[in-house]
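Each remark here refers to the structure printed beneath this line.
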Amino acid sequence: MRNQRIFTATALLAALATTVTGCRDTQAGSVAADGTAAAPARSASPATAAGAAGATGGGAAAAGRSGLDDVRTLEDAQRYVRQWRAQCEDLSNAPTDSRLPLTDLTNVGRWGVTERGVCSDRVEDGELIFYMTSDMKAFQAGYKKRVRERIDAGDTDYGMMSRVFVGKHFAVTPTSTRTALELAKSDLRVLTCNPFFGVPRKYKKEKALVEHCVLSDWVGAENDEGSPNFDRPQQGPSGELGQPKQGTGGLAQAGSLAELKKLVHPNLVDCTNMYTDAESIGVRSIDYNPAVTDDDWRSWGIKDRAICGQLGGARRAHNLNWLSTVRDMKVLQTKARDAQQEDLKDGRLEATTAKLMLGGNVAVEATDPSVRFGLYQAQFLYLNCEPGFGAPSGYRVEKSLVDGCVLTNYEKDHPAAG
């Protein structure tokens, strides 16, 4: 009996467990001093012992996430960031704490800041610095003034890679890029006041409380380990877009699903079992998910569609590949680009999501690298929308029909497939 959609708890946990790669970036902790005297030192009273516990976001999530409205104290702020996979141990509000940067962002008594704290992000070898404020507008105005002063002094790039996350009653500056990427998934927003900054496509853009600043969920990093920038074009093997320069090497063509099956079966895709009914096409498994994410696949420019493989039964579904004939290739590439770039906001594509392999008027969605290797030999190319993508000499990199993507037979995780 054919399985209906298989969405298992295992698959959901696997999706939640996917993390982005990153390395330490200390811009937030290396802000230059502005020459204003610090507030008088307070007694070194560490924050409550609850702040020193090592619990992480998993437990908080299980108990139900708290929102920004619930954050009123330094300990509340610690609990909030822990919900987003941020390590935050040994919380302290002591002005003399050695973990505080020598050139801090601001001090108690300025920008509406009522308390400052720091905790250790040991997993990422960094710190998170907190600023509790009674007036968030004053905080944002103070940061804007600092940015403009630095720009006027000649540092025109200052604040472009802002790590100042703001909520309603507090701000936090993580020194780790990876931790910043996790916090970007929360309701906190990155405050950027550099007038030359523009929020890249695919990211949230909201008004700040002061003019000429913006709030977003984009995390910049000089080492390209921050949020992907989809406004940056892809690169060919020699740095140009659209390789080779002289036309295309040709793409696979088929006039119908029957012709497409004949083209790929049995040497490339096992279509011994091929189904075209809606129930079968909608099958998913723990290991296989299509690149076409919408049940209404015709809205993706697809004319006819089929699935090949074992749909399930005594064993879970396996060897799944989706075949399509395409009536509007630009629509298909546009929809696939948007879905792929949304996934890439987390740093990498889900491993169980099939790659979209395109011919001239046909498409195959394949998860298995060995299947894709064969498809490359049959003149299919992968729609790659990864920012800054480049392929070594000898691989095909050709223009797609949509901005932000290329067609290629190079996979950095499986280079032999070229």
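The values are calculated or read from the model by the stated rules, or taken from the named source; none is laboratory data. Note that this is a predicted model, so its numbers are computed, not measured. Glycine also receives a Cβ, built like all others from the backbone with ideal geometry; neighbour counts cover every protein chain displayed.
Can you find even one residue in region 210-218 that is in a loop (DSSP other than H, G, I, E, B), farther than 22 Å from residue 91 by Cα, without any contact (Cβ under 8 Å) to a residue 60 or more places away in the chain and among the hydrophobic types (A, V, I, L, M, F, W, C)? Give the derivation first.
First, the residues of region 210-218 that are in a loop (DSSP other than H, G, I, E, B): 210-213, 217-218.
With the extra rule that they be farther than 22 Å from residue 91 by Cα, the set shrinks to 210-213, 217-218.
Those still in the list that are without any contact (Cβ under 8 Å) to a residue 60 or more places away in the chain too: 211, 217-218.
With among the hydrophobic types (A, V, I, L, M, F, W, C) added as a condition, the list becomes 218.
Yes, region 210-218 has at least one match.
Yes/no matrix, rows are residues, columns are (1) in contact with a Cys (Cβ under 8 Å, 6 or more places away or on another chain); (2) within 15 Å of residue 332 (Cβ to Cβ); (3) crowded, with 23+ Cβ neighbours inside 10 Å; (4) among the polar types (S, T, N, Q):
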position	(1), (2), (3), (4)
362	no, yes, yes, no
374	no, no, no, no
390	no, no, no, no
405	yes, yes, yes, no
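Restricting to region 256-270, name every residue that is more than 16 Å from residue 378 (Cα to Cα) and in a loop (DSSP other than H, G, I, E, B).
Across region 256-270, the qualifying residue is only 256.
Exactly one condition in (1) modelled with pLDDT under 85; (2) outside any loop (DSSP other than H, G, I, E, B) is not met by residue 391; state its number.
Against the list (1) modelled with pLDDT under 85; (2) outside any loop (DSSP other than H, G, I, E, B), residue 391 comes up short only on (2).
Restricting attention to region 303-336, which residues are modelled with pLDDT under 95 and in a loop (DSSP other than H, G, I, E, B)?
311, 312, 313, 314, 315, 316, 317
Tell me which residues, restricted to region 45-69, are at pLDDT 85 or above and under 22 Å from residue 180 (Cβ atoms). Working first, answer last.
Here is the first cut: in region 45-69, the residues at pLDDT 85 or above are 67-69.
Passing the criteria: 67, 68.
For (1) among the basic types (Lys, Arg); (2) within 14 Å of residue 71 (Cβ to Cβ); (3) assigned to a loop (DSSP other than H, G, I, E, B); (4) without any contact (Cβ under 8 Å) to a residue 60 or more places away in the chain, each residue gets a yes or a no:
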| position | (1), (2), (3), (4) |
| --- | --- |
| 160 | no, no, yes, no |
| 173 | no, no, no, no |
| 186 | no, yes, yes, no |
| 196 | no, no, yes, yes |
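Which one is surrounded by the fewest Cβ atoms within 10 Å (Cβ to Cβ), of the residues in region 64-119 that are at positive phi and either part of a loop (DSSP other than H, G, I, E, B) or not assigned by TED's automatic domain parsing to the domain that holds residue 143 (or both)? Explain how you work it out, then say what you get.
Of region 64-119, the ones at positive phi are 64, 85, 90, 109, 111-112.
With either part of a loop (DSSP other than H, G, I, E, B) or not assigned by TED's automatic domain parsing to the domain that holds residue 143 (or both) added as a condition, the list becomes 64, 85, 109, 111-112.
Working: 64: 7, 85: 20, 109: 14, 111: 22, 112: 19.
If we take residues in region 64-119 being at positive phi and either part of a loop (DSSP other than H, G, I, E, B) or not assigned by TED's automatic domain parsing to the domain that holds residue 143 (or both), then 64 is surrounded by the fewest Cβ atoms within 10 Å (Cβ to Cβ).
Can you tell me which condition residue 297 does not meet? The list is (1) over 28 Å from residue 217 (Cβ atoms); (2) out of contact with any Lys or Arg (no Cβ under 7 Å at 6 or more places or on another chain); (3) crowded, with 20+ Cβ neighbours inside 10 Å, and all the others hold.
Single failed check for residue 297: (2).
Of the residues 383, 320, 344, which is outside the structural domain of residue 184 (by TED's automatic domain parsing) and more than 24 Å from residue 224 (Cβ to Cβ)? Lay out the reasoning, then the answer.
Details: 383 fails: more than 24 Å from residue 224 (Cβ to Cβ); 344 fails: more than 24 Å from residue 224 (Cβ to Cβ).
After ruling out the rest, the residue left standing is 320.
Can you tell me which residues in region 394-418 are among the polar types (S, T, N, Q), part of a loop (DSSP other than H, G, I, E, B) and under 22 Å from residue 338 (Cβ atoms)?
Once the filter is applied, which keeps residues that are among the polar types (S, T, N, Q), part of a loop (DSSP other than H, G, I, E, B) and under 22 Å from residue 338 (Cβ atoms), region 394-418 yields only 400.
Which of the residues spanning region 343-375 are modelled with pLDDT of 90 or more, more than 15 Å from residue 305 (Cα to Cα) and of a type in the set (D, E, K, R)?
Within region 343-375, 355, 368, 372 meet the criteria.
Quick check on region 214-221. Is at least one of its residues of a type in the set (A, V, I, L, M, F, W, C), modelled with pLDDT under 90, farther than 27 Å from residue 108 by Cα and buried (at least 16 other Cβ atoms within 10 Å of the Cβ)? Even if it seems obvious, please write down each step before you answer.
Quick first cut of region 214-221, residues of a type in the set (A, V, I, L, M, F, W, C) only: 214-215, 218-219, 221.
Of the ones still in play, those that are also modelled with pLDDT under 90 are 221.
Then keep just the ones that are farther than 27 Å from residue 108 by Cα; that gives 221.
Remaining after also requiring buried (at least 16 other Cβ atoms within 10 Å of the Cβ): 221.
Yes, that holds for at least one residue.
Please work out which residue is surrounded by the fewest Cβ atoms within 10 Å (Cβ to Cβ), limiting yourself to region 148-179 and to residues that are aliphatic (A, V, I, L, M) and modelled with pLDDT under 95. Break it down stepwise before answering.
To start, the set of residues in region 148-179 that are aliphatic (A, V, I, L, M) comprises 151, 153, 160-161, 164, 166, 171-172.
From what's left, modelled with pLDDT under 95: 151, 153, 160-161.
Working: 151: 17, 153: 10, 160: 14, 161: 20.
The extreme case among them is 153.
Would you check if there is a residue in region 364-373 being aromatic (Phe, Trp, Tyr), under 24 Å from the mean Cα position of the chain (by Cα) and outside any strand (DSSP E or B)? Give the steps one after another, and end with the answer.
First, the residues of region 364-373 that are aromatic (Phe, Trp, Tyr): 373.
Filter once more, keeping what is under 24 Å from the mean Cα position of the chain (by Cα): none.
Looking for residues that are aromatic (Phe, Trp, Tyr), under 24 Å from the mean Cα position of the chain (by Cα) and outside any strand (DSSP E or B), one finds none in region 364-373, hence no.
Residues of region 79-108 being charged (D, E, K, R) and closer than 19 Å to residue 182 by Cα, which ones?
79, 82, 85, 89
State the number of residues belonging to region 183-201 that are surrounded by fewer than 17 Cβ atoms within 10 Å (Cβ to Cβ) and more than 13 Å from the chain's Cα centre (by Cα).
To start, the set of residues in region 183-201 that are surrounded by fewer than 17 Cβ atoms within 10 Å (Cβ to Cβ) comprises 185, 187, 195-196, 198, 201.
Of the ones still in play, those that are also more than 13 Å from the chain's Cα centre (by Cα) are 187, 195-196, 198.
Going through region 183-201 one residue at a time, the tally reaches 4.
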